[in-house]
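Everything on this sheet refers to the single structure shown next.
The values are calculated or read from the model by the stated rules, or taken from the named source; none is laboratory data. Please read all numbers here as calculations on a predicted model, not as lab measurements. Note: ideal-geometry Cβ built from the backbone for every residue, glycine included; neighbour counts use all protein chains shown. Please note that ligands, DNA and RNA were not included when accessible areas were found on the heavy atoms of the full protein model with its side chains. Shrake-Rupley method; radii C 1.70, N 1.55, O 1.52, S 1.80 Å.
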Amino acid sequence: MVFVTGATSTGKLHCDWQEGALGSPCNACQVRGLTICAPLTHDDLQHMVSIVSERQLEPGGTLFSEGDPADHLFNITAGTIMVYRLLADGRRQITGFLFPGDFLGLGSDQTYRYSAEALTPATVCRFKRPALQEALEKFPTMEKRLFGMASNELAAAQDQMVLLGRKTAQEKLASFLLMLSRRAERRGQKPTPIPLAMNRSEIGDYLGLTIETTSRVFTKMKQSGVIALLPSSHIDIRDFDALEELAEQG
């Protein structure tokens, strides 16, 4: 079996798996229960090993850019990746923050409609589009799993539309922190404290706020005792009920 290896200007490809080794990529995956491969049997996974390559990105590394040929699809297995689009006037609109288990590249377009950039050291499983399409036809349970993930992605996009269009700055930030907490729980982590891989500017670009407004709302929440700002960019939610109230005001 041959895995893609090499280096790029925006990240690096790496592979340390050998065919027949005990530590095959799928068997060694610590988040397989969150990925599209979750419903597959041990024998099914051997096929997936034959069509997957691993890519590792350093913080700031680009996975793909808006307008690039959409030749691959990706499943995140480690780290945090943000996706964004550039507006006509040069401004950036961040449309999502993705975590282990999340899938990128869905859609029927021939080019990617957004850019994807690592915020932390990140690892993805990369699939050539035709090979994954064949695998989905071969394994209906995986196709069903991917359909569910696509449905969740659509629901998240609808939530963000409400977030941007109807909520105040305080409601937006409260909703954002609750979203991060709930997603951490789904990954088997504690709901608090929350590691913030994104900075204030990136949070603002996601929520449609200036960095000044974002910082001001963080300070207000801290002073009211709803959250605490911890070292290493962690947020401790001290009062979940109060945070939920803030998210639903208006």
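Could you go through the range 232-241 and let me know if any residue there is open to solvent by 80 Å² or more (accessible area, probe 1.4 Å) and in a helix (DSSP H, G or I). So far as the range 232-241 goes, yes, one or more of its residues are open to solvent by 80 Å² or more (accessible area, probe 1.4 Å) and in a helix (DSSP H, G or I).
Whether a residue is more than 30 Å from Ile194 (Cβ to Cβ) and of a type outside the set (Gly, Ala, Ser) was assessed, and Val49 passes this test.
Return a yes/no flag: does the range 39-62 have any residue that is surrounded by 21 or more Cβ atoms within 10 Å (Cβ to Cβ), within 17 Å of Leu146 (Cβ to Cβ) and more than 13 Å from the chain's Cα centre (by Cα). Yes, the range 39-62 has at least one match.
Listed here are the residues, each with its yes/no results for (1) within 28 Å of Asp44 (Cα to Cα); (2) open to solvent by less than 60 Å² (accessible area, probe 1.4 Å); (3) in a helix (DSSP H, G or I).
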{"position": "Val124", "(1), (2), (3)": "yes, yes, no"}
{"position": "Leu132", "(1), (2), (3)": "yes, yes, yes"}
{"position": "Thr141", "(1), (2), (3)": "yes, no, yes"}
{"position": "Ser201", "(1), (2), (3)": "no, yes, yes"}
{"position": "Gly204", "(1), (2), (3)": "no, yes, yes"}
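Per the listing Leu178, Leu229, Leu209, Leu243, the residue uniquely farther than 28 Å from Arg91 by Cα and touching a residue at least 12 places away in the same chain (Cβ under 8 Å) is Leu243.
Residues that are among the charged types (D, E, K, R) and touching a Gly at 6+ places or on another chain (Cβ under 9 Å) are absent from the range 79-99 altogether. As a summary of the residue check, Ser215 satisfies the conditions (1) surrounded by 15 or more Cβ atoms within 10 Å (Cβ to Cβ); (2) not in a helix (DSSP H, G or I) except for the one numbered (2).
Just one of the numbered conditions (1) under 18 Å from Glu244 (Cβ atoms); (2) in a loop (DSSP other than H, G, I, E, B) is not true of Lys172: (2).
The set of residues in the range 103-120 that are surrounded by fewer than 14 Cβ atoms within 10 Å (Cβ to Cβ) and modelled with pLDDT of 80 or more comprises Gln110, Thr111, Arg113.
Taking the criterion of being open to solvent by 30 Å² or more (accessible area, probe 1.4 Å) and modelled with pLDDT of 90 or more, the residues of the range 78-94 that qualify are Ala78, Tyr84, Arg85. For the range 218-231, a tally of residues being open to solvent by less than 80 Å² (accessible area, probe 1.4 Å) and outside any loop (DSSP other than H, G, I, E, B) returns 7. Please verify whether the range 179-191 includes one or more residues that are over 25 Å from Arg32 (Cβ atoms), open to solvent by less than 40 Å² (accessible area, probe 1.4 Å) and at pLDDT 85 or above. No, the conditions are met nowhere in the range 179-191.
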